[in-house]
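Student: Below is a structure I'd like to ask you about.
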Amino acid sequence: MKNSIKNNIKMDDSEETKTIAVSNIFFALLCGVFFFLSFPKYGWGLIAWIAFVPLFFALRNVDTLLRAMLLGWIAGVVSFIGIFYWIVWVLVNYGYLPLYLSLMIMLLLVFYLSIYFALFAAGIVYFRKKVPLFIIAPVLWVCLEYVKSKLFTGVPWENLGHSQINNFYFIQLADITGVFGLSFLVMLLNVAIFEIIKKKSGKSFALAAAIFILWSCVYVYGILRVNDIDQAVKNSPAKEVFLIQGNIDQAIKWKESFQNETFRIHEELSLRSLENKGGLIVWPETAVTANFQDENNVRRRIREMSVKTGNWFLFGSISYKAGEGKKDYFNSAYLISPEGIVSGRYDKVHLVPYGEYVPMKTIFPFVRSLAAGIGDFTEGKGWVPLQSDLGKIGVMICYEGIFPEAGRAYKKAGTELLVNITNDAWFGSTSAPYQHLSMSIFRAVETRMFFVRAANTGISAIVDPTGKIIVQSRLSEKDSIHGRVQLIQMASFYAKYGDWLAVTCFIILTIIFLSCNIRRKRNDYRKHSGNYSGTEKKNPVYR
């Protein structure tokens, strides 16, 4: 009878443990689903406000760092599969790789990025009984997000703060803190919601009230800032801008037999601006597939078109620099004056690894053979604005638009207009074009400049300094967008001081870690040394 009771108890214990483990995994999976549903094209920014609440519940009874890391890693895997699934589509359709290999490549990136979720979960458990969650969670998240955005050339794709792109007055804070400040506040809100659900105590409601007041202050700042910017825009000179979206299929874009047709499409769309003079016509990244740098028919036709329209003309093309026995190729943007003269050239600085160059090819020669067919471009010298009668123009090519350091560099150089030229034809109708645009818009808010974007297949757009889209194209349509931009000079704390918030979070995290370790060592010392007055040691191990 006693043995039967014991067996039942053991069975019940194991079932309870199993149930807890399954529920923890479920909560981690739910966190991942909520996270990727916070971003375009299928997501909604409000979901980010509760995205981490399930993960906090999953971690509440976890007693080891390894289990915490596993739960965090699971949440990260689901998150980044939902965000980066389109990589498989790109590799299969344009990289011509088999499906299994495309999946492996996508998962390698996903597994790497999920490490940051794992570290976040481990940090929450490690500091759980030492530091309040409302302090450690946002501080730790910003630190990890910053590292993710910088390490190995950086992957700032869809940081937590980017989810708030449609939260108009809230994102105005980005001109002080950058996107990391928005991530901090969203994580803080997640903590408040979790504390209320879990504890329902006076302290949890007081925390929620304090965070509500903080968020209210952010919205008040946003409203005031938008009013100031609108006034500055009204009092600034306007310039005409024409964005050309040729909608050229990537599968035929580089075929020599299609070069004339590509040029004809862009030229036809550009000539619609014939009635307007003194503005700026923008073609997308590598819209000119022939070699513009050499004296040829394409170069002649482009110069003639500039003169005919009477507008400044900016377009993407490949350029080169001849060296000793080799040529260095660049992904470039040219600026042509209304007189048909080449005014300047910008060479892309931040190249796409394994897309525009092969990392570690000198250290590991076999890497080149594994990445056959990948472009081998040379990076440009820096984010230097192009000079024109319209003012200084800062060019960002393709995914350079998601890096805030590009916008800050241009702002410090006195740039008055940001131009992003890109070719999102690679992405088809997946989430990627929507994600790409949403992240790029933050450059306008951070620098308080107009931001215009010409994309081959879309989405092309004109964005004002508050991050509001004035006009935009539809995806996968041939189009020509016309609008006005104002060249304003407005101060931006973030453009001047950069990621000061991330630095502050690193300092706070370091202080927390050191103080916790000092406190632990003191406790260990007291535990092992006993009572200095000579009385009997209280620790039974030492009796």
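The values are calculated or read from the model by the stated rules, or taken from the named source; none is laboratory data. Predicted model, so just to flag it, every value in this text is computed and none were measured. Using ideal geometry, Cβ is built from the backbone for each residue, glycine included, and neighbour counts are taken over all protein chains shown. With ligands, DNA and RNA removed, areas are computed over all heavy atoms of the protein, side chains included. Shrake-Rupley method; radii C 1.70, N 1.55, O 1.52, S 1.80 Å.
Student: With all protein chains present, calculate the accessible area of HIS350 using a 1.4 Å probe and round the result to the nearest 10 Å².
Tutor: Near enough 30 Å² of accessible area.
Student: To continue, here is another question. Over what distance in Å are the Cα centres of segment 292-338 and segment 169-199 separated?
Tutor: 45 Å
Student: Could you give the angle, 0 to 90 degrees to the nearest 10, between helix 297-309's Cα long axis and the longest principal axis of the Cα atoms of the chain?
Tutor: 90 degrees
Student: Another question about this same structure. Give the accessible area for LYS199 in Å² (nearest 10); use a 1.4 Å probe, count only protein heavy atoms, and leave out ligands, DNA and RNA.
Tutor: Approximately 110 Å² of LYS199 is accessible to the 1.4 Å probe.
Student: Moving to a separate point now. Along the charge dipole of the chain, pointing to its positive end and built from +1/-1 on Cβ of Lys, Arg, Asp and Glu, which listed residue (SER438, TRP215, ILE481) has its Cα farthest out?
Tutor: TRP215
Student: Compute the helix-to-body angle for 65-84: its Cα long axis versus the longest principal axis of the chain, expressed 0 to 90° and rounded to tens.
Tutor: Computed tilt is about 20 degrees.
Student: Report Rg (one decimal) and Dmax (nearest whole number) for the chain, counting Cα atoms only, units Å.
Tutor: Every Cα atom of the chain included, Rg and Dmax give 27.3, 101 Å.
Student: Quick one: longest stretch of the chain between exposed loop chymotrypsin sites (Phe, Trp or Tyr not before Pro), exposed meaning at most 11 other C-beta atoms within 10 Å and loop per DSSP?
Tutor: 97-531
Student: Using only the heavy atoms of the protein chains and a 1.4 Å probe, how would MET439, MET104 rank by accessible area, largest first?
Tutor: MET104, MET439
Student: Dipole magnitude of the chain about its Cα centre, charges +1 at Lys/Arg Cβ and -1 at Asp/Glu Cβ only, in debye to the nearest 20?
Tutor: Computed charge dipole of the chain: roughly 2440 debye.
Student: As a test of the formula, what do you get for the chain when each DSSP H run with n ≥ 4 contributes -39,500 (n - 2.57) and the sum is divided by the residue count, at 222 nm and rounded to the nearest 500 deg cm²/dmol?
Tutor: -16500 deg cm²/dmol
Student: Then there is this: Keeping all protein chains in place, calculate the accessible area per residue for the chain (probe 1.4 angstrom), answer in Å².
Tutor: Normalised by residue count, the accessible surface of the chain is 47 Å².
Student: Also, I was wondering about something else. To the nearest 20 debye, what charge dipole does segment 34-146 have about its Cα centre, counting +1 at the Cβ of each Lys and Arg and -1 at the Cβ of each Asp and Glu?
Tutor: Value, rounded to 20: 300 debye.
Student: Please go through the residue pairs LYS129/LYS203; LYS234/LYS277; LYS130/LYS521; LYS130/LYS150 and name each one whose alpha carbons sit more than 19 Å apart in this structure.
Tutor: Violating the 19 Å Cα-Cα cut-off are LYS234/LYS277; LYS130/LYS150.
Student: I would also like to ask the following. Could you tell me what percent of the accessible area of the chain is made up of carbon and sulfur, with a 1.4 Å probe and every protein chain present?
Tutor: Looking at the chain in its full context, I get 62 percent from C and S.
Student: Say the dipole of the chain comes from +1 at the beta carbon of Lys and Arg and -1 at that of Asp and Glu; which of ALA413, CYS505, LEU390 then lies farthest toward its positive end?
Tutor: It is CYS505.
Student: Using alpha carbons only, how many degrees (0 to 90, rounded to 10) separate the axis of helix 2-36 from the longest principal axis of the chain?
Tutor: Helix 2-36 sits roughly 20 degrees off the main axis of the chain.
Student: Round to the nearest 10 and report in Å² the accessible area of GLU267, as given by a 1.4 Å probe over the protein chains' heavy atoms.
Tutor: 40 Å²
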